[in-house]
Amino acid sequence: MASTVSAEGYLEALAPIMAAVSAQASGPIQTAADLVVESLRANGVVQAFGSGHSEALAMEIAGRAGGLVPTNRIALRDLVLLGGEPREVLSTGILERDPSVARRLYDLTSPAASDIFVIASNSGVNGSIVELATVVKEKGHKLIALTSLQHTSGVESRHPSGTKLIDHADVVLDNGAPYGDSVLELPSGGSVCAVSSITAALLAQLLVAEVVRRLTEAGETPPVYLSANIPGGDDHNHVLEERYDGRIRRTA
């Protein structure tokens, strides 16, 4: 952990972490890409979920310019938007620790058998995360987990089973974040400046790049979004989205 709290100090601390995460491009990213391509060729959708700041990973995967069209973001607020729960259910900061919400989220998503899941959690131990991973595997889906191996190895599971996200995954991608996520030590104790959102975004884009490479090299046209803010973007995107009508949501 770096000791200088500054922009330069953060960049210095981030560089070796990014290098270590990037090294997975020739390893687990390849395995994960194979699984995603297998799903897409079977008319599957990439179902992405993360609670707390790990929702950024789901946003990086689902519904963004330059990304894959057959993607869907699962979020805790789906309980209210789609499940009829009162909005007050979202006012607690510990909802992500509640295992009971996971099966409800899965049912609201109504995934096809060919869908693949990507679940992100820096700690990989909260109840909703572990329970959703459990349900996903019970239902026969492939699961790509994105977590901090250093952090998850240093904490106990909050799920009744005692298992963690990594225990259910077909492939694990390590976001490289240190225990506690932040990397700059404060003189008074503690630390500041987290890295997991940045490294998760990198892993997501490495995965997309490898999926598109495989499809392109096989002579297939990858279903990729154009920016909605360029001429023709909306028309292009709507045509592709119609192939997955009712299976991908683009809520706020």
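The values are calculated or read from the model by the stated rules, or taken from the named source; none is laboratory data. Only a predicted model underlies this, so the values are computations on that prediction, with no experimental measurement involved. Just so you know, the surface numbers come from the protein's heavy atoms only, side chains and all, with ligands and any DNA or RNA stripped out. Shrake-Rupley method; radii C 1.70, N 1.55, O 1.52, S 1.80 Å.
Observations, loosely collected:
- Using a probe radius of 1.4 angstrom, the carbon and sulfur fraction of the accessible surface of segment 134-224 is 53%.
- Solvent-accessible area, 1.4 Å probe, carbon plus sulfur percent, for segment 30-107: 50 percent
- Partners for residue 164 among aspartates and glutamates (Cα-Cα distance below 19 Å; same-chain residues under 8 apart left out): 55, 96, 98, 131, 138, 156, 174, 181
- Note on residue 137: aspartates and glutamates with a C-alpha under 13 Å away, same-chain residues under 8 apart excluded, are 115, 167, 170.
- A 1.4 Å probe, protein heavy atoms only, puts the accessible area of residue 221 near 120 Å².
- Shape call, segment 1-131: gyration tensor on alpha carbons, a/c limit 1.5: oblate
- Residue order by solvent-accessible surface for 170, 245, 107 is 245, 107, 170, largest first, with ligands and nucleic acids left out and a 1.4 Å probe.
- The chain: radius of gyration and largest Cα-Cα distance (Dmax), Å: 18.3, 58
- Evaluated over segment 56-153, the Cα radius of gyration and Dmax, each in Å: 13.5, 38
- Heavy-atom accessible surface of residue 131, to the nearest 10 Å², is about 30 Å², with a 1.4 Å probe and all protein chains retained.
- Surface exposure of the chain, expressed per residue as accessible area with a 1.4 Å probe, stands at 46 Å².
- Stokes-Einstein D (µm²/s) once Rh is taken as the Kirkwood radius of segment 108-252 over alpha-carbon pairs, at 37 °C in 0.692 mPa s: 185 µm²/s
- Fraction of beta bridges assigned by DSSP in the chain that are antiparallel (%, nearest 5): 20 percent
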